[in-house]
Amino acid sequence: MRRVFKSLVLVFVLVFVFVVVSFSEEKQEKHPIDVWLEKCIEKDSSTAEMINCSNKAYEMWDKELNRVYQELMKKLSPEEKELLKESQRQWLKFRDAEFRFINQIYGYEGGFYHTQRIGSKIDLVRERVLHLLDYLKEKMISN
């Protein structure tokens, strides 16, 4: 019975998140990683597959973070590069501390709690990537 309840709660939360994300992203184009994640989950919405898809999406966002950071560094002046390096160092410290907090809040149980943990981590990294992409666009416009 408890498993059924957890599954229902998970489905409700995921539907709610996708509805909110859909409405909030109507004005902006979805990032290809978000599109990939949605399609991956649509293929198989079991908890195990959601976790698998989410873990892969996190890896994709992490690679995208590194790619965008490197691309942005190529567009910056020496002074701007130093500022970005320091900003990124501080953000990484924040990210690591936030991940420790996320792990503590959601515990180390599987299933629903794992999806919460990885979803929160994805959100944090996605936000940083999108900020860096905004900076990159600005540099490309101004140059």
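FYI, it's all coordinate maths here, none of it is from the lab. Here the structure is a predicted model, which is why all the values come from computation and not from measurement. A quick note on method: Cβ atoms are made from the backbone with ideal geometry, for glycine too, and the neighbour counts reach across all protein chains shown.
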Quiz item: Mind ordering 85-93, 34-42, 116-124 by average Cβ neighbours within 10 Å, highest first?
Solution: 116-124, 34-42, 85-93
Exercise. Output the pairs from LYS30/LYS121; LYS43/LYS137; LYS39/LYS85 with a Cα-Cα distance over 29 Å in this structure; if there are none, say none.
Key: LYS43/LYS137; LYS39/LYS85
Quiz item: ASP134: net charge of surrounding residues, Cβ under 12 Å, Lys/Arg +1, Asp/Glu -1, itself excluded?
Solution: +1
Self-check item: Magnitude of the charge dipole, segment 32-142, Cβ model with Lys/Arg +1 and Asp/Glu -1, debye to 20
Solution: 320
Exercise. With a ≥ b ≥ c taken as the square roots of the eigenvalues of the C-alpha gyration tensor of segment 32-142, please select rounded if a/c is under 1.5 and otherwise prolate if a/b is larger than b/c or oblate if it is not?
Key: oblate
